[in-house]
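Just so it is clear, none of the values below were taken in a lab; they were calculated from the coordinates. Since the model is a prediction, treat every value here as computed from it, not as a measurement. All Cβ positions, glycine included, derive from the backbone under ideal geometry; neighbour counts span all protein chains shown.
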Amino acid sequence: MYVCVCHGITEKDIQQAINNGAEHVKELRDSYDLGTDCGKCLYLAAKIMKDNKTDL
Ligand code: FES
């Protein structure tokens, strides 16, 4: 599923970034440009990161 349509970033990409140590949406923005256009993906990206933290 696409999380960031503007930059073609999928949930799988975010999962991979989390596995590589990303802990904040800011890191996704710095690495993938997530949220740097319309910004509509930021809430969903933050939710995916939060859900992953609670799964640990
Ligand atoms: Fe991510 Fe537009 S959907 S910046």
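Remarks
- HN-Hα J in Hz across region 5-11 - Karplus 6.51, -1.76, 1.60, θ = phi - 60°, x for Gly and Pro: 5, 4, 10, x, 9, 9, 4
- Put simply, the amide H of residue 9, placed in the peptide plane, has neighbours under 5 Å in 3, 4, leaving out anything fewer than 5 places away on its chain.
- As a length-normalised measure over Cα pairs under 8 Å and 6 or more apart, the relative contact order of region 2-55 settles at 39 percent.
- Calculated P(r) tail over 14 Å for region 2-55, as whole % of Cα pairs: 42
- The residue among 44, 16, 3 whose Cα reaches farthest toward the positive pole of the charge dipole of region 2-55, with charges on the beta-carbon of Lys, Arg, Asp and Glu, is 44.
- Computed from phi, the 3J(HN,Hα) profile of region 36-53 under the Karplus parametrisation 6.51, -1.76, 1.60 (θ = phi - 60°) reads 8, 10, 6, x, 5, 7, 4, 4, 5, 4, 5, 5, 4, 5, 5, 4, 5, 5 Hz, with x in place of Gly and Pro.
- The simple Förster model, with R0 at 22 Å and r as the Cβ-Cβ distance, assigns residue 1 and residue 27 a FRET efficiency of 0.65.
- Ellipticity at 222 nm from helices only: DSSP H runs of n ≥ 4 in the chain, each -39500 (n - 2.57), divided by the residue count, give -16500 deg cm²/dmol.
- Highest mean first, the peptides 25-35, 8-18 sorted by other C-beta atoms within 10 Å per residue fall in the order 25-35, 8-18.
- Taking each residue as 0.36 nm, the span from residue 50 to residue 12 lengthens on full extension beyond its C-alpha to C-alpha distance by 12.2 nm.
- Electrostatic dipole magnitude of the chain [Cβ: Lys, Arg +1; Asp, Glu -1; Cα centre; debye, to 20]: 160
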